[in-house]
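The values are calculated or read from the model by the stated rules, or taken from the named source; none is laboratory data. If you're wondering where the values come from, they're calculated on a predicted model, not measured in any experiment. When we count neighbours, we look across all protein chains shown, and the Cβ atoms used for this are built from the backbone with ideal geometry, even at glycine. Just the protein is used for accessible areas: all its heavy atoms, side chains included, with ligands, DNA and RNA removed. Shrake-Rupley method; radii C 1.70, N 1.55, O 1.52, S 1.80 Å.
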Amino acid sequence: MTNTASDIRTQSRLLRWAPPGVRPYLTLARLDRPKPVLLLLLPCWWGLAMAPRPAGFGWTDLWYAILFGIGALVMRGAGCTVNDILDRDFDGRVARTRTRPIPSGAISPTQAVLFLIAQLLLGFLVLVQFNSTTVGLGIASLLVVFTYPLMKRVTWWPQFFLGLAFNWGALVGWTAVTGELALPSLILYAAGICWTLGYDTVYALQDIEDDARIGIKSTARLFGGAARLWVAGFYALTVLGIGAAGLLAGLAPLPFLLCLAAGAAQLAWQVATLVPDRPADCLVKFNSNRWFGLLVLAGLVAGRAFA
């Protein structure tokens with residue numbers, strides 16, 4: 001079933017209250033749909049919470065969490081801007097995306113590039129509040145942020161490259177506390193990539209017919225009728241990876257694993273009730289991943305607090 005609804009939330013309060021000239025830029029940065037920012041922010045908070053600290057949580061951790069929140073909002077907007085600049089011709093041929101600011105003509109490609117530069121400068125101002133290792137990792141993330149939108153043209157696995165970009169925060173969050181990478185942070189990063197492979201395959205099921213028509217590759221198209229099984233496998237690897245990372249990092253097992261088990265149940269519900277050929281259901285399941293991420297975060301915080 002083809003999804004014919006626009007993905008712009010015209011009833012967003014932010015869009016209703018904003019001046020008309022500003023609204024296309026808010027839409028370009030997806031600020032009319034802020035909930036998915038959590039999918040970028042949560043890995044940052046995961047790494048921050050899981051990292052060992054001899055004195056326990058303090059005000060610095062709260063400050064870092066706020067900075068990551070601002071950074072995630074800005075960099076998600078920058079990533080969406082890059083995506084829409086590169087995909088402007090494709091977006092104009094897909095029902096769900098043809099009303100976005102660039103293909104609709106509300107913003108020119110040149111205006112979009114200038115807006116992108118402004119977002120990147122703001123993101124850099126946030127990044128330089130951290131230690132040098134974290135700054136270096138943050139700058140390195142731009143490589144995957146800028147190349148991800150091109151991957152759907154050359155590989156059936158663009159969701160993997162989205163995972164590389166969206167879960168980079170697991171590394172950044174860890175190094176913000178410790179100043180260096182370690183095995184638990186790398187395992188957490190890998191688990192986050194598996195999570196993205198699962199939830200973005202579900203998201204891509206919305207566009208599977210349009211993508212096939214215009215030649216866009218995705219794991220949803222690659223897996224076809226076996227998509228549910230693949231998503232289940234990715235989610236299983238996610239839970240196992242997060243569990244291994246947390247235990248290697250020395251978290252208190254009981255609170256950590258209890259919350260992780262609740263998160264695993266949320267993922268199992270997604271798989272069991274997913275209707276792959278119903279776009280509205282796929283979107284509901286995709287959006288529900290914020291609850292999994294928050295359950296994992298609760299487990300990491302509790303596990304570190306009681307370690």
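Exactly one condition in (1) modelled with pLDDT of 95 or more; (2) more than 21 Å from Pro253 (Cβ to Cβ) is not met by Leu26; state its number.
(1)
Going through Thr155, Thr175 one at a time, which residue ends up being farther than 18 Å from Leu294 by Cα, open to solvent by less than 10 Å² (accessible area, probe 1.4 Å) and more than 16 Å from the chain's Cα centre (by Cα)? Reasoning before the result, please.
Values: Thr155 fails: open to solvent by less than 10 Å² (accessible area, probe 1.4 Å).
Answer to the check: Thr175.
I want to confirm something. Restricting to the range 84-124 and keeping residues that are in a helix (DSSP H, G or I) and acidic (Asp, Glu), which single residue is nearest to the chain's Cα centre (by Cα)?
Of all residues in the range 84-124, those in a helix (DSSP H, G or I) come to 84-86, 88-91, 101-104, 109-124.
Going one step further and asking which of them are acidic (Asp, Glu), we end up with 84, 89, 91.
Details: Asp84: 16, Asp89: 24, Asp91: 20 Å.
Applying the filter and picking the extreme gives Asp84.
Looking at the range 78-108, which of the residues that are among the polar types (S, T, N, Q) and open to solvent by 50 Å² or more (accessible area, probe 1.4 Å) is nearest to Pro43 (Cα to Cα)? Show your work before the answer.
Of the residues in the range 78-108, the ones among the polar types (S, T, N, Q) are 81, 83, 97, 99, 104, 108.
Then keep just the ones that are open to solvent by 50 Å² or more (accessible area, probe 1.4 Å); that gives 99, 104.
On the way: Thr99: 31, Ser104: 33 Å.
Residue satisfying both the conditions and the ranking: Thr99.
Evaluate the following for Leu122: is it free of Cβ contacts under 8 Å to residues at least 40 places away in the same chain and among the aliphatic types (A, V, I, L, M)? I'd like the intermediate steps shown before the answer.
Working: free of Cβ contacts under 8 Å to residues at least 40 places away in the same chain: no; among the aliphatic types (A, V, I, L, M): yes.
Judged against the criteria, Leu122 is not a match.
Take the range 246-273 and flag every residue that is within 17 Å of Phe306 (Cβ to Cβ), surrounded by 19 or more Cβ atoms within 10 Å (Cβ to Cβ) and hydrophobic (A, V, I, L, M, F, W, C).
The answer is Ala249, Leu251, Phe256, Cys259, Leu260.
Does Thr81 satisfy the criteria of being within 20 Å of the chain's Cα centre (by Cα), polar (S, T, N, Q) and outside any helix (DSSP H, G or I)?
No: the conditions fail for Thr81.
I'd like to verify a number: residues in the range 32-77 that are in a loop (DSSP other than H, G, I, E, B), open to solvent by less than 50 Å² (accessible area, probe 1.4 Å) and more than 24 Å from Leu183 (Cβ to Cβ), how many? Walk me through it before giving the result.
Taking the range 32-77 as the starting set, the residues that turn out to be in a loop (DSSP other than H, G, I, E, B) are 32-36, 51-58.
Now restrict to residues that are open to solvent by less than 50 Å² (accessible area, probe 1.4 Å): 32-33, 36, 51, 53, 56, 58.
Narrowing further to those that are more than 24 Å from Leu183 (Cβ to Cβ): 32-33, 36, 58.
Within the range 32-77, residues that are in a loop (DSSP other than H, G, I, E, B), open to solvent by less than 50 Å² (accessible area, probe 1.4 Å) and more than 24 Å from Leu183 (Cβ to Cβ) number 4.
Would you confirm whether any residue within the range 194-201 is outside any helix (DSSP H, G or I), open to solvent by 20 Å² or more (accessible area, probe 1.4 Å), among the hydrophobic types (A, V, I, L, M, F, W, C) and within 25 Å of Trp168 (Cα to Cα)? Step through it out loud before you land on a result.
In the first step, residues of the range 194-201 are kept if they are outside any helix (DSSP H, G or I); the result is none.
The answer is no, given that none of the residues of the range 194-201 is outside any helix (DSSP H, G or I), open to solvent by 20 Å² or more (accessible area, probe 1.4 Å), among the hydrophobic types (A, V, I, L, M, F, W, C) and within 25 Å of Trp168 (Cα to Cα).
Residues of the range 274-293 being open to solvent by less than 60 Å² (accessible area, probe 1.4 Å), among the hydrophobic types (A, V, I, L, M, F, W, C) and under 16 Å from Leu38 (Cα atoms), which ones?
Residues of the range 274-293 open to solvent by less than 60 Å² (accessible area, probe 1.4 Å): 274-276, 279, 281-282, 285-290, 292-293.
Okay, now just the ones that are also among the hydrophobic types (A, V, I, L, M, F, W, C), so 274-275, 282, 286, 292.
Result: Phe286, Phe292.
For residues that are surrounded by fewer than 15 Cβ atoms within 10 Å (Cβ to Cβ) and at pLDDT 95 or above, tally how many sit in the range 212-232. Give the derivation first.
We begin by selecting, within the range 212-232, every residue surrounded by fewer than 15 Cβ atoms within 10 Å (Cβ to Cβ); these are 212-215, 224-226, 229.
Filter once more, so that each one left must be at pLDDT 95 or above: 226, 229.
Within the range 212-232, residues that are surrounded by fewer than 15 Cβ atoms within 10 Å (Cβ to Cβ) and at pLDDT 95 or above number 2.
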